[in-house]
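What follows is a single structure, written as structure tokens, with notes after it.
Read-outs throughout are calculated quantities, based only on the coordinates presented, and are distinct from any laboratory measurement. Because the structure is predicted, anything quoted here is derived from the model rather than measured. We place every Cβ from the backbone using ideal geometry, glycine too, and count neighbours over all the protein chains shown.
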Amino acid sequence: MDVEQAVAHVSAADPILADYIGRIGPFAPRPGSGNYFASLARSILFQQLAGAAAAAIHARFVEAVGSVTPEAVLATSPERLRAAGLSGNKTAAILDLATKASDGTVPLHDLHTLDDEELIARLSAVRGIGRWTAEMFLLFELRRPDVWPIDDYGVRNGWSLMHSLPETIKPRALQQEGDRFRPYRSVVAWYCWQAVALLRKPMVLPSA
């Protein structure tokens, strides 16, 4: 993605957003890890847990499997994963991710051959991965330029704050608003999160 071109495009489409872009500064999402499987596994482990607890379990998981690869996970017994602190559901989800990465359902080495919706569908077939987790993976790990997570409360809240709406915008309305920003809706989503951080601190940005 040509970031300068993308920011110019979304700014031209919405003067209010353009004003906030000027206040927030350059588009600078956190970098991806470069390890797709490890990133997805981390997303599963961090779900519904406080940061410190999730980090501790994740560290024990990494120690248990040795190398965070599908092969290493499948070679680790469910009992050892449970001993590392994974719940029964998360153990099943991690093993399902490893299985689907191994059988090609989630083609980790060929992700860039799939369009966004196909990739989201493949990832959502994994136990423990829903559309939101898949969208965060596309946006932050793969740096896809046109991800528009309309169900994310932070995006909805940021949009509503920037545009001084009387209530938080609904997903369907946000979907329609996003059309004019194609093919750079990821940029708009990121600025929506940053607007919440600017206007209503503190705000925890997605880590998945």
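Results, tabulated for the structure shown:
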{"quantity": "Surrounding net charge for His112, when Lys and Arg each add one and Asp and Glu each subtract one, Cβ distance under 14 Å", "calculated": "-2"}
{"quantity": "Percentage relative contact order, the chain, counting C-alpha pairs under 8 Å, at least six apart", "calculated": "24 percent"}
{"quantity": "Convex hull (Cα only) mean projected area of the chain, reported in nm² to one decimal", "calculated": "11.7 nm²"}
{"quantity": "Rel. contact order, % - alpha carbon contacts under 8 angstrom, at least six apart, segment 36-141", "calculated": "27 percent"}
{"quantity": "Cα-centre dipole for segment 47-121 with unit charges at Cβ (Lys and Arg positive, Asp and Glu negative), debye to 20", "calculated": "600 debye"}
{"quantity": "Computed lengthening from Lys170 to Thr105, 0.36 nm per intervening residue step minus Cα-Cα distance", "calculated": "20.2 nm"}
{"quantity": "Ellipticity estimate at 222 nm from DSSP helix runs (n ≥ 4, -39,500 (n - 2.57)) divided over the chain, nearest 500", "calculated": "-17500 deg cm²/dmol"}
{"quantity": "Positive minus negative residues near Ser160 (Lys, Arg vs Asp, Glu; Cβ under 15 Å)", "calculated": "-1"}
{"quantity": "In nm, spacing of pseudo-spin labels at Asp115 and Ile16 (7 Å Cα→C-beta vector)", "calculated": "3.0 nm"}
{"quantity": "Rounded to the nearest 20 debye, dipole of the chain from Cβ charges on Lys, Arg, Asp, Glu", "calculated": "680 debye"}
{"quantity": "Selected from Leu114, Leu97, Leu139 as most flexible by GNM, with the chain as the system and alpha-carbon contacts under 10 Å", "calculated": "Leu114"}
{"quantity": "Length added when fully stretched, Val3-Asn89, from 0.36 nm per residue minus Cα-Cα", "calculated": "27.0 nm"}
{"quantity": "Residue (of Ala13, Leu81, Leu119) at the positive-pole extreme of the chain, dipole from beta-carbon charges", "calculated": "Leu81"}
{"quantity": "Stretch gain in nm, segment Ala56-Arg30, where the contour uses 0.36 nm per residue and the Cα spacing is subtracted", "calculated": "7.2 nm"}
{"quantity": "GNM flexibility winner over the chain from Glu135, Glu118, Glu167 (Cα, springs under 10 Å)", "calculated": "Glu167"}
